[in-house]
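Participant: Structure provided below as structure tokens; questions to follow.
The values are calculated or read from the model by the stated rules, or taken from the named source; none is laboratory data. Remember, it's a predicted structure, so these values are computed and weren't measured experimentally. Glycine gets a Cβ as well: all are built from the backbone with ideal geometry, and neighbour counts include every protein chain shown.
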Amino acid sequence: MESIIERINQGKFWHFHGGIHPPEQKAITSDKPIKQLSLPKQLVLPLQQHIGRQGDLLVEVGDKVLKGQALTQSSNPMAVPVHAPTSGTISAIKKSVIAHPSGLSELCLFIDVDGEDTWKKREICQDFSRLSRQEIITKISDAGIAGMGGAGFPTHIKVNTKPDINFLIINAAECEPYITSDDLLMREQSEAIVDGIKILDQLLNPAFILIGIEDNKPQAIKALQQATKHIEKMKVCVLPTKYPTGGEKQLIKILTGKEVDSGSLPINAGIVVQNVATCYAISDAVINDIPLIRRVVTLTGKALSKPQNFWVLLGTQVNFLLEQAGFINEENVPKSVQKTHQSSPPVIMGGPLMGFSILNEQVPIIKTSNCILAPSKVEMPSAFDNSSNEVECIRCGQCADVCPSQLLPQELQWSAKAKDHQQLAKLNLFDCIDCGACAYVCPSQIPLVQYYRVAKAEIRQQQQLDLKSEKAKARFEARKLRLEQEKIARQEKHEKAAAARKAAMNKKSADGGTASSAVAAALARVKAKKAADQKKAEAVDSNSNTQDSIETSEKSQVKAAIARAKAKRLANEQNAKPSTESNNQDNVVDDKKARVAAAIAKAKAKKAAEKESSTIEEVPSVAVQSTSTEADDKKARIAAAVAKAKAKKAAEKKSSTIEEVPSVAVQSTSTEADDKKARIAAAVAKAKAKKAAKKESSTIEEEPNVAIQSTPTEADDKKARIAAAVAKAKAKAKAKAKQASTTNSEE
Amino acid sequence: MNILIAILVLGVISALFGALLGYASVRFHVEGDPIAEQLDALLPQTQCGQCGYPGCKPYAEAVANGEAINKCAPGGEDTIKKIADLLGVDVQPLDDNHEQDDSSQSNLPKVAFIIEEDCIGCTKCIQACPVDAILGAAKQMHTILADECTGCDLCVAPCPVDCIEMRPTPETIQNWQWDLNKIAVKQIG
């Protein structure tokens, strides 16, 4: 490590393989200061502006938000919150086009800017050295800082590391042509950047801090050297200009001579790399409590009349920026026509080598957008030419010479075209950093890097599918196992139940003949009832109108009750007639009393006889009727359900034979249905038996009651008797209130 | 005499090797069918049953035993090609019975969706789902676990109220594919 520092002190550096020297084009914007923009009318904030996951929404449509207020919160370590860049009202939360090469829509927050730019309450921290490590990390995480160099990796994860850090490398290379946002930031905010680096130093405690900067930014170098003059640990390393010096692994190689293994992260080699703009954001967040709500964006290209760097609020739409920078419409076609026109002037987000052209100028600036490039036709003719000029590869090998990752671009290209993913993996496609140097030098104008991008996306997709199929397989196996277990469990249960039944039967028969005969009688009854059920169910099925059948049965019952009531009334009247007569003529004729008494006696005898017979006749009928009336409803419903299930099953069976659906499923369902049916039938039979027994006992109990009631009636006169009769009738009709009311009305 | 010795020596040698092979076959016996396992790994694991077998593994076993290799509709040409490579047989076009219509819609990955207002909670789809990707109980509304759904279609037919439909999975940034014709990153001259 000492030797590394010695070399650096001597101004000697290592070299990475390949690299190119494209025209820099930085002079377009590097001589103008960063300009503050007026507030746009509307801001569009995508919920996800970084690698990882989006946070959970904290606001609703219509909410007033203050500048710097958090709009989402992170529930996941890989999630980073977004904040309101200025005060205003949330006007919508909907899908909108985002800054992504696909031009797809993602969930965005729309803020109507109120123009007041009111800050939330801030707590400015004068001395960050007093903050604990965890406090600083929480501040960074809450400020929503993600790597501002391009990838947008959540910074709080990158700085929250345990192992010993040898080097903290600050990436100030800014190697891509046209872009000058970091350059200008370093010139104007070098103190704040150094503060940010100090905070990182406190967190990571590295042995050395190296600031890698290309030699084409003399003013920025001077500013940084000035700011770091008194800090022993920090070294500003001025590197020769070469693209892509700013690549993470390339910068590490240049500064330390170390190569990070394929598929490994720099942290494993004890190195952390942070972008210089990220350092600025960290100092702003920790010291001034300003979350990441704005960034420097370079607006450049010859199609702009006023190219310059701007402080842009996140969420500002590109068309607003282009307007501010004086976008010249070369073809002089009105905007509206242009939209439909094939060759609308291209606008590129990011640099000319690694950026992507945006399909829609409504896209917002996000945390990782550092440049908007609007080239003129003279400047970049290829951007206006939609047809590809690709010709066959001539195997010149220039691409392999310039590849900073030491890959074999032409081999990769062939494998990518053939979609040979295995071969691509062997050729280490995933070490490709998408720098585009190969495509830049290709004399055949093959867009090599685009082929790799496609292949990478395909491989990622395939990996996702493989993962999914693996999961599906596991779930399928688990389900099969579960079904098997359930089947076995069911079988066991059935066997157990059968054994228990057998044991019970044996025991009962051993108890004696009476018990067994009772069981036999019960079984017979159950069978008879089941048969009746079945019949009824069939009837219900044919009618397919359970309500109707219930009603008819109810009606017949009502009729029977009415008939009974009438018969009884007749008898009562017969009884009462003589007594009424006697009552009426009580004081008139005396000896009539004797006759009346005789008549009463006769009537009583008759009634007693009648009662006997009627009780004999009626008791079972009442019992049966009441059971049927009570159980009727339920029974009918169960019967209907059974009938429906049967019909469905029959249909299913039919369809299954036609379609030949895997029989396993059908079998399982049918066995399940059978099981259920049997259980229901058993339950119904049991309930019926119980009810019948209860009724029998209750009628037996009631008989003496009736007798007791009739005894005093003997002594009393007819009024009491009539009352008793009414009471009896009521008691009988108790089961159905409707029935009783009909009887009453008839009476 | 010489010929007898030759016969004897060769006989002894063959007996020796026979014994060795016999021992090896017992000692290094492999449980299961390794070919079927490899085939199973190639299949898409949608468990859709379109091949006529109840799941991917049974079909893999059947292919190992000589079943036609062109019955996997979800896998399509790619899977057939891989199976053909593995088994060393000719690539066959997809079975006519399983031919998908070539419209771009049919080739998109799909996921089942339950129209929840119409669901009566009959659990029939739950019983049909090969990967337990439907959540619900009797007389309760069901729903699909979209992440687990393989898009196999098996739940669509049993639904008595036709409340399940197959919808193409929406294109997101995560599953978006670069389209070479659409990319226009410009190289500076």
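Participant: On the given criteria, is A:Gly196 touching a residue at least 24 places away in the same chain (Cβ under 8 Å), of a type outside the set (Ser, Thr, Tyr) and within 14 Å of chain B (Cβ to nearest Cβ)?
Facilitator: no
Participant: While we're on this one: Restricting the range A:440-449 to residues that are in a helix (DSSP H, G or I) and surrounded by fewer than 23 Cβ atoms within 10 Å (Cβ to Cβ), which is nearest to the other protein chains (Cβ to nearest Cβ)?
Facilitator: Among them, the one singled out is A:Tyr440.
Participant: While we're here: Output the residue which, of all residues in the range A:1-34 that are free of Cβ contacts under 8 Å to residues at least 60 places away in the same chain, assigned to a loop (DSSP other than H, G, I, E, B) and not basic (Lys, Arg), is surrounded by the fewest Cβ atoms within 10 Å (Cβ to Cβ).
Facilitator: Among those residues, the one meeting the criterion is A:Gln10.
Participant: Taking the range A:170-205 only, how many residues are buried (at least 22 other Cβ atoms within 10 Å of the Cβ), more than 42 Å from the chain's Cα centre (by Cα) and among the acidic types (Asp, Glu)?
Facilitator: 1
Participant: Here are the criteria: (1) modelled with pLDDT of 90 or more; (2) within 17 Å of B:Ile173 (Cα to Cα); (3) in contact with a Cys (Cβ under 9 Å, 6 or more places away or on another chain). Tell me which single one A:Ala92 does not satisfy.
Facilitator: (2)
Participant: Report the residue count in the range A:8-48 for those that are more than 14 Å from every other protein chain (Cβ to nearest Cβ) and more than 30 Å from A:Asn319 (Cβ to Cβ).
Facilitator: 12
Participant: Go through the range B:31-62 and count every residue that is on the phi > 0 side of the Ramachandran plot and in contact (Cβ under 8 Å) with a residue 24 or more places away in the chain.
Facilitator: Number of matching residues: 4.
Participant: Still on this model: Among the numbered criteria (1) at pLDDT 85 or above; (2) within 12 Å of chain A (Cβ to nearest Cβ), which one does B:Asp78 miss?
Facilitator: Tallying (1) at pLDDT 85 or above; (2) within 12 Å of chain A (Cβ to nearest Cβ), B:Asp78 fails exactly one: (1).
Participant: Given the conditions (1) farther than 22 Å from A:Lys158 by Cα; (2) surrounded by fewer than 20 Cβ atoms within 10 Å (Cβ to Cβ), which single one is not true for A:Glu214?
Facilitator: (2)
Listed here are the residues, each with its yes/no results for (1) modelled with pLDDT under 85; (2) within 14 Å of chain A (Cβ to nearest Cβ); (3) in a helix (DSSP H, G or I); (4) farther than 21 Å from B:Glu148 by Cα.
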site: B:Glu31; (1), (2), (3), (4): yes, no, no, yes
site: B:Glu37; (1), (2), (3), (4): no, yes, yes, yes
site: B:Ala41; (1), (2), (3), (4): no, yes, yes, no
site: B:Gln45; (1), (2), (3), (4): no, yes, no, no
site: B:Gln50; (1), (2), (3), (4): yes, yes, no, no
site: B:Lys57; (1), (2), (3), (4): no, yes, yes, no
site: B:Glu61; (1), (2), (3), (4): no, yes, yes, yes
site: B:Glu67; (1), (2), (3), (4): no, no, no, yes
site: B:Asn70; (1), (2), (3), (4): no, no, no, yes
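Participant: Here is a further query. Can you tell me which residue within the range A:213-251, out of those that are under 44 Å from the mean Cα position of the chain (by Cα) and not in a loop (DSSP other than H, G, I, E, B), is nearest to A:Ile4 (Cα to Cα)? Steps first, answer last, please.
Facilitator: Initial filter on the range A:213-251 (under 44 Å from the mean Cα position of the chain (by Cα)): A:243-251.
Remaining after also requiring not in a loop (DSSP other than H, G, I, E, B): A:243, A:248-251.
Numbers: A:Tyr243: 23, A:Glu248: 18, A:Lys249: 17, A:Gln250: 16, A:Leu251: 14 Å.
Only one residue fits best here, namely A:Leu251.
Participant: Answer yes if at least one residue in the range A:292-304 is part of a loop (DSSP other than H, G, I, E, B), under 24 Å from A:Cys125 (Cβ atoms) and at pLDDT below 95, and no otherwise.
Facilitator: So the first thing to find is which residues in the range A:292-304 are part of a loop (DSSP other than H, G, I, E, B), and the list is A:292-293, A:301-303.
If we keep only those that are under 24 Å from A:Cys125 (Cβ atoms) too, we end up with A:292-293.
Now restrict to residues that are at pLDDT below 95: A:292-293.
Within the range A:292-304, one or more residues are part of a loop (DSSP other than H, G, I, E, B), under 24 Å from A:Cys125 (Cβ atoms) and at pLDDT below 95.
Participant: Related question: Among the residues of the range B:12-30, is there at least one that is among the aromatic types (Phe, Trp, Tyr), at negative phi and surrounded by fewer than 10 Cβ atoms within 10 Å (Cβ to Cβ)?
Facilitator: Checking the range B:12-30: at least one residue is among the aromatic types (Phe, Trp, Tyr), at negative phi and surrounded by fewer than 10 Cβ atoms within 10 Å (Cβ to Cβ).
Participant: Of all residues being within 11 Å of chain A (Cβ to nearest Cβ) and farther than 18 Å from A:Leu481 by Cα in the range B:123-137, which is surrounded by the fewest Cβ atoms within 10 Å (Cβ to Cβ)? Just the residue, please.
Facilitator: Taking the range B:123-137 and keeping what is within 11 Å of chain A (Cβ to nearest Cβ), we get B:123-124, B:126-133.
Checking which are farther than 18 Å from A:Leu481 by Cα leaves us with B:123-124.
Numbers: B:Thr123: 17, B:Lys124: 22.
Ranking the candidates gives B:Thr123 first.
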